[in-house]
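One structure is given here, and the rest of the page talks about it.
The values are calculated or read from the model by the stated rules, or taken from the named source; none is laboratory data. Bear in mind the structure is a predicted one, so any value in this text is a computation, not a measurement. Note that we place each Cβ from the backbone using ideal geometry, even for glycine, and neighbour counts take in every protein chain shown. All accessible areas refer to the heavy atoms of the entire protein, side chains included, with ligands and DNA or RNA removed. Shrake-Rupley method; radii C 1.70, N 1.55, O 1.52, S 1.80 Å.
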Amino acid sequence: MWVASVFFLYHPPPAGCAIPAGGPGHPPRPPLPRFPRAPDSGKAATVLDQPFEKPDLVLTDTHGKKYDLRAETKGHPTLVYFGYTHCPDVCPTTMSNIAVAMKALPKAEQDKLRVVFVTTDPGRDTPAELGKWLKGIDPRFIGLTGDFPTIQAGARTLGISVEPTTKDKHGKTVSVHGTQVIAFSPKTNGGYVLYGEDASVDDYTKDLPKLVRGAKP
């Protein structure tokens with residue numbers, strides 16, 4: 001198992017379009033946090049030397065109720081992903097892969113796991129819309145929405161870029177966001193493993209039994 005000793009600024013391929021670096025309407029932002037990544041070992045998982053602190057996010061769930069991410073997921077293995085329901089490819093694929101892998105776990109371990117989908121497009125992703133979309137993937141998944149600045153700030157603490165929705169050249173609304181999945185340990189509540197958009201069903205199926213115990217994949 002490799003544990004990284006080299007630091008770099010990670011920018012995964014965003015969903016929707018390129019992440020703006022600045023210019024009109026997009027003022028320069030502070031750099032995202034740096035974190036270590038394992039050398040290419042053929043594994044989908046990146047084990048972090050310095051785990052992320054779980055974001056201090058209080059948002060609204062699919063039932064219209066307040067959801068405190070730290071409080072509600074404390075002591076639970078938790079996967080967090082930022083995306084949007086109108087995403088044509090990466091978001092539904094990622095969530096579906098996790099849903100299929102989750103079903104391979106014993107029932108008791110499925111009950112422990114929390115999978116949290118935080119919208120990057122709160123203008124369209126109302127609690128009802130989120131609930132309808134997630135029901136088609138796995139009704140146990142937790143969908144959260146709220147005001148965009150709060151969501152963006154929470155994502156940035158995990159090194160994930162999220163930009164306001166924009167219109168593409170065809171007039172279609174797109175949400176630009178990083179595509180990482182962060183796994184949080186039930187032991188420490190720290191985000192200690194990262195997955196990119198290329199992680200497959202098989203990758204999650206292989207790793208989830210370890211993640212629910214807080215072990216390294």
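For the stretch 166-181: of the residues being of a type in the set (A, V, I, L, M, F, W, C) and surrounded by fewer than 23 Cβ atoms within 10 Å (Cβ to Cβ), which is modelled with the lowest pLDDT? Even if it seems obvious, please write down each step before you answer.
Initially, the stretch 166-181 is screened for residues of a type in the set (A, V, I, L, M, F, W, C), giving 174, 176, 181.
If we keep only those that are surrounded by fewer than 23 Cβ atoms within 10 Å (Cβ to Cβ) too, we end up with 174, 176.
Details: Val174: 82, Val176: 90.
Here the residue is Val174.
Does Gly83 meet the test of being small (Gly, Ala, Ser) and surrounded by fewer than 21 Cβ atoms within 10 Å (Cβ to Cβ)? Considered against the rule, which asks whether it is small (Gly, Ala, Ser) and surrounded by fewer than 21 Cβ atoms within 10 Å (Cβ to Cβ), Gly83 comes out as no. Taking the stretch 51-66 as the range and being surrounded by 14 or more Cβ atoms within 10 Å (Cβ to Cβ) and in contact with a helix residue (DSSP H, G or I) (Cβ under 8 Å, 6 or more places away or on another chain) as the test, the residues that pass are Lys54, Pro55, Leu57, Val58, Leu59, Thr60, Asp61, Thr62. Does any residue in the stretch 66-77 that is in contact (Cβ under 8 Å) with a residue 60 or more places away in the chain come within less than 9 Å, Cβ to Cβ, of a residue that is of a type in the set (Ser, Thr, Tyr) six or more places away or on a different chain, and which pairs are these? Going by the 9 Å Cβ cut-off, the qualifying pairs are Tyr67/Thr60; Leu69/Thr78; Pro77/Ser185. Residues of the stretch 186-217 that are assigned to a strand (DSSP E or B) and open to solvent by less than 10 Å² (accessible area, probe 1.4 Å): Gly191, Val193, Leu194, Tyr195. Among residues of the stretch 143-165 being open to solvent by 30 Å² or more (accessible area, probe 1.4 Å) and among the hydrophobic types (A, V, I, L, M, F, W, C), the one that is nearest to Val80 (Cα to Cα) is Ala153.
Among all positions in the stretch 27-48, there is no residue which is at pLDDT 95 or above and part of a loop (DSSP other than H, G, I, E, B).
Based on what the data block shows, is Phe52 touching a Leu at 6+ places or on another chain (Cβ under 8 Å) and either modelled with pLDDT of 95 or more or on the phi > 0 side of the Ramachandran plot (or both)?
Judged against the criteria, Phe52 is a match.
Exactly one residue among Gly75, Gly131 is at positive phi and open to solvent by less than 50 Å² (accessible area, probe 1.4 Å), and that residue is Gly75.
Within the stretch 188-204, the only residue that satisfies the criterion of being touching a Lys or Arg at 6+ places or on another chain (Cβ under 9 Å) and among the polar types (S, T, N, Q) is Asn189.
Tell me whether the stretch 114-122 contains one or more residues that are closer than 21 Å to Thr62 by Cα, of a type in the set (Lys, Arg) and within 18 Å of the chain's Cα centre (by Cα).
Restricting attention to the stretch 114-122, the residues satisfying the condition of being closer than 21 Å to Thr62 by Cα are 114-122.
This time we only want the ones that are of a type in the set (Lys, Arg), so: 114.
Now narrow it down to the ones that are within 18 Å of the chain's Cα centre (by Cα): 114.
Yes.
Listed residues Met95, Met102; which is open to solvent by less than 10 Å² (accessible area, probe 1.4 Å) and more than 21 Å from Gly214 (Cβ to Cβ)? Steps first, please.
Working: Met102 fails: more than 21 Å from Gly214 (Cβ to Cβ).
That would be Met95, the only listed residue that is open to solvent by less than 10 Å² (accessible area, probe 1.4 Å) and more than 21 Å from Gly214 (Cβ to Cβ).
Of all the residues in the stretch 203-217, those that are more than 17 Å from Leu48 (Cα to Cα), of a type in the set (D, E, K, R) and in contact (Cβ under 8 Å) with a residue 40 or more places away in the chain number 1.
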